[in-house]
Amino acid sequence: MGGEADAAETGQDGQDGGFEAEREAFLRLAKENDELKDRALRLAAEMENLRRRTARDVQDARAYAIANFARDMLTVCDDLRRAIDAVPAEARERGEAGLVALIDGVEMTERSMHAALERHGVKKIDPDGEKFDPNFHQAMFEVPNPEVPASTVVQVVQSGYVIGERVLRPAMVGVAKGGPKTAARDEAAEPGPVNEQAEKDA
């Protein structure tokens, strides 16, 4: 009888040992499964981030690929405007046929140039009367004028341009000095010292 009891106890121990081994194997596989799942989720997130970065880079490349070319074309726009402004008002009033035709042709060319630039995302900045913004404007000089708020753009020396959300060329401006402050935070947008070198270049 003792032998049968020992055999039964040994069998029970064997079953318990087998169950414990299966349990450990199951827990190990469950842990490996969780690790693989976590790794797969991380990889999927990285791939999504890569896809978004690539899409953004492609979009930026399309939007800003012509930036250098557009910047060069701004010189042509400036020259067209100078040619128009160089015609004396008296000559315009006299209305000589040849001169009027020439002026009309130059103005039409200027409008066509601006339209072409706008089709490619290049827009003109003409901030006359706006509050000075150092992100888009470059202060060339200050104009004492107590009738308008301080740091208001009162003269545009050269128009600025943006392409998409980037500044292609800041507008060169003169700003009011001595007027009332529009808000306490205006001090952060003060134009600062006049850029003498830029003024000479203009």
Report summary line: Between residue 150 and residues 5 or more places away or on another chain, the pairs with built amide H atoms under 5 Å apart involve 179, 181, 182
Report summary line: Per-residue Cβ contact counts at 10 Å, fewest first, order 125, 84 as 84, 125
Report summary line: Between residue 89 and residue 103, the two model label points (7 Å from Cα along the beta-carbon direction) sit apart by a distance in nm of 1.2
Requested in this report: Write down Rg/Rh for region 67-120, rounded to two decimals, with Rg from the C-alpha atoms and Rh from the Kirkwood relation over Cα pairs.
Outcome: 1.08
Query raised in the report: How large is ³J(HN,Hα) for each residue in region 42-52, as worked out from phi by the Karplus curve 6.51 cos²θ - 1.76 cosθ + 1.60 (θ = phi - 60°), to whole Hz, x for Gly and Pro?
Result: 5, 5, 5, 5, 5, 5, 5, 4, 5, 4, 5
Requested in this report: Report, please, the projected area of region 13-64 averaged over directions, based on the convex hull of its C-alpha atoms, in nm².
Outcome: 2.9
**Report entry** Packing-based ranking, highest mean first, of 167-178, 110-121, 44-55 given that Cβ atoms within 10 Å are counted
**Finding:** 167-178, 110-121, 44-55
Query - Charge context of residue 162, other residues only, Cβ under 9 angstrom, K/R +1, D/E -1 - result: +3
Report task. Would you mind getting me the FRET efficiency between residue 58 and residue 120? Use the beta-carbon distance for r and R0 = 25 Å, nearest 0.05. Result -> 0.90
Report task. List the lysines whose Cα lies under 30 Å from the Cα of residue 177, skipping any in the same chain that are fewer than 8 positions away. Result -> 123, 124, 131, 200
**Report entry** Karplus (6.51, -1.76, 1.60) ³J(HN,Hα), θ = phi - 60°, over region 99-112, in Hz, Gly and Pro reported as x
**Finding:** 5, 4, 5, 5, 4, 4, x, 5, 5, 5, 5, 4, 4, 5
Requested in this report: Can you run the Rg to Rh ratio on region 69-162? Use alpha carbon positions and the Kirkwood inverse-distance Rh.
Outcome: 1.05
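Quick note: the coordinates plus some simple rules give every number you see, no bench work behind them. Not measured: the values here are computed from a predicted model. Backbone-built Cβ (ideal geometry, glycine too); neighbour counts: all protein chains shown.
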